[in-house]
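A.B. asks: Here it is: the structure, laid out below.
The values are calculated or read from the model by the stated rules, or taken from the named source; none is laboratory data. These figures come from a predicted structure and were not determined experimentally. Glycine gets a Cβ as well: all are built from the backbone with ideal geometry, and neighbour counts include every protein chain shown. Only protein heavy atoms, including side chains, enter the accessible area calculation; ligands, DNA and RNA are left aside. Shrake-Rupley method; radii C 1.70, N 1.55, O 1.52, S 1.80 Å.
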Amino acid sequence: MSENIVWHQHIVDKANRAGALNQKPSVIWLTGLSGSGKSTVANLLEKKLFDKQKKTYLLDGDNVRHGLCGDLGFDDKARVENIRRVSEVAKLFVDSGTIVITAFISPFKADREFCRSLLCDGEFIEVFVDTPIEVCEQRDPKGLYKKARQGDIKHFTGIDSVYETPDQPEIHLAYSDSESAEQSAERLYKMLELKGYV
Ligand SMILES: Nc1ncnc2c1ncn2[C@@H]1O[C@H](COP(=O)(O)OS(=O)(=O)O)[C@@H](OP(=O)(O)O)[C@H]1O
Ligand SMILES: Nc1ncnc2c1ncn2[C@@H]1O[C@H](COP(=O)(O)OP(=O)(O)O)[C@@H](O)[C@H]1O
């Protein structure tokens, strides 16, 4: 924290904003390997919420790395800083009353827990997009696994960079041939409804 700073209490607060929007602000944190389906499911979920007039924002690794985190690479230190910045941004969005969906590999448990620690109880929902690396590599939507195997990309998650599996995610999207991305998004949406977030 910077020195000599004083927190300003604003007249309009998170509860006021959330009340006006008739929703419970939260962070739906999708984590998983590259190609596991985070962006696809996150997009479909945001569309479902948007169609119900909910105020949402989707923070996606590839996109955030075009701007806010464009100066960061993929070694461990850079990934920690990436998730630290994203967590702080997510917290600001929650303060604005928004339902935030994030799609970052976020390979380290401590960093995911850091985001949880910034928020109030129940505001952080960890979703483990648990697709085996063999399936991700087979999909290889951006051709990155191929490049990583050829040695053209260093520190690639699951190949020469670690992914720490969540121990107790709020939601576990276990890979199955029979559950489509649309069905996974619907399952997440129903959970949000059931638990009173929307
Ligand atoms: N070395 C390496 N390892 C993993 N991923 C890589 C790498 N280099 C580039 N990319 C692309 O960057 C996307 C992951 O960015 P993230 O910000 O989500 O990563 S992290 O949370 O900081 O680990 C990731 O996006 P997704 O495939 O959507 O996960 C890739 O498109
Ligand atoms: N059940 C599923 N859930 C999510 N993605 C799936 C599923 N089945 C196939 N896919 C495909 O897998 C790829 C996942 O890519 P993407 O969503 O970019 O993953 P990530 O954001 O985790 O890198 C997409 O091409 C998507 O269409």
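A.B. asks: Pairs, please: C-beta under 7 Å, at least 6 apart or cross-chain, first residue under 18 Å from residue 106 (Cα atoms) and open to solvent by less than 30 Å² (accessible area, probe 1.4 Å) and in the stretch 135-158, second away from ligand 2 (no atom under 11 Å from the Cβ) and part of a loop (DSSP other than H, G, I, E, B)?
C.D. replies: 157/107; 157/163
A.B. asks: Same structure, new question: Could you list, in sequence order, the residues of the stretch 120-148 that are part of a loop (DSSP other than H, G, I, E, B) and touching a helix residue (DSSP H, G or I) at 6+ places or on another chain (Cβ under 7 Å)?
C.D. replies: Of everything in the stretch 120-148, those that are part of a loop (DSSP other than H, G, I, E, B) and touching a helix residue (DSSP H, G or I) at 6+ places or on another chain (Cβ under 7 Å) turn out to be 123, 140.
A.B. asks: Identify, by number, the condition in (1) open to solvent by 10 Å² or more (accessible area, probe 1.4 Å); (2) part of a helix (DSSP H, G or I); (3) basic (Lys, Arg); (4) within 23 Å of residue 170 (Cα to Cα) that residue 112 doesn't meet.
C.D. replies: (1)
A.B. asks: Okay, next question. Among the residues of the stretch 159-168, write down those that are open to solvent by less than 30 Å² (accessible area, probe 1.4 Å) and under 17 Å from the mean Cα position of the chain (by Cα). Step through it out loud before you land on a result.
C.D. replies: Initially, the stretch 159-168 is screened for residues open to solvent by less than 30 Å² (accessible area, probe 1.4 Å), giving 161, 166.
Scanning the stretch 159-168 gives a single hit, 166.
A.B. asks: Determine, yes or no, whether residue 193 is without any contact (Cβ under 8 Å) to a residue 24 or more places away in the chain, among the acidic types (Asp, Glu), outside any loop (DSSP other than H, G, I, E, B) and under 16 Å from residue 32 (Cα atoms).
C.D. replies: Taking the combined requirement at face value, the residue does not satisfy it.
A.B. asks: Continuing with the same structure: Give the residues of the stretch 1-48 that are within 16 Å of ligand 2 (Cβ to nearest atom) and among the aromatic types (Phe, Trp, Tyr), sorted by residue number. Lay out the reasoning, then the answer.
C.D. replies: Let us first name the residues in the stretch 1-48 that are within 16 Å of ligand 2 (Cβ to nearest atom), namely 28-48.
If the condition is that a residue be within 16 Å of ligand 2 (Cβ to nearest atom) and among the aromatic types (Phe, Trp, Tyr), then 29 is the only one that fits.
A.B. asks: To continue, here is another question. I'm trying to understand the selection: among the residues of the stretch 169-198, which are open to solvent by 70 Å² or more (accessible area, probe 1.4 Å), more than 15 Å from ligand 2 (Cβ to nearest atom) and in contact with a strand residue (DSSP E or B) (Cβ under 8 Å, 6 or more places away or on another chain)?
C.D. replies: Listed by number, the list holds a single entry, 170.
A.B. asks: While we're looking at this one, here's another question. Report, ordered by the first and then the second residue, all pairs with beta carbons closer than 6 Å, sequence separation of six or more or different chains, a first member in the stretch 118-129 that is in contact (Cβ under 8 Å) with a residue 12 or more places away in the chain and more than 12 Å from residue 100 (Cα to Cα), and a second member that is open to solvent by less than 20 Å² (accessible area, probe 1.4 Å) and more than 15 Å from ligand 2 (Cβ to nearest atom).
C.D. replies: As it stands, the answer is 118/87, since those pairs meet every condition given.
A.B. asks: To continue, here is another question. Any residue in the stretch 140-148 that is away from ligand 2 (no atom under 16 Å from the Cβ) and not β-branched (Val, Ile, Thr)?
C.D. replies: The answer is no, given that none of the residues of the stretch 140-148 is away from ligand 2 (no atom under 16 Å from the Cβ) and not β-branched (Val, Ile, Thr).
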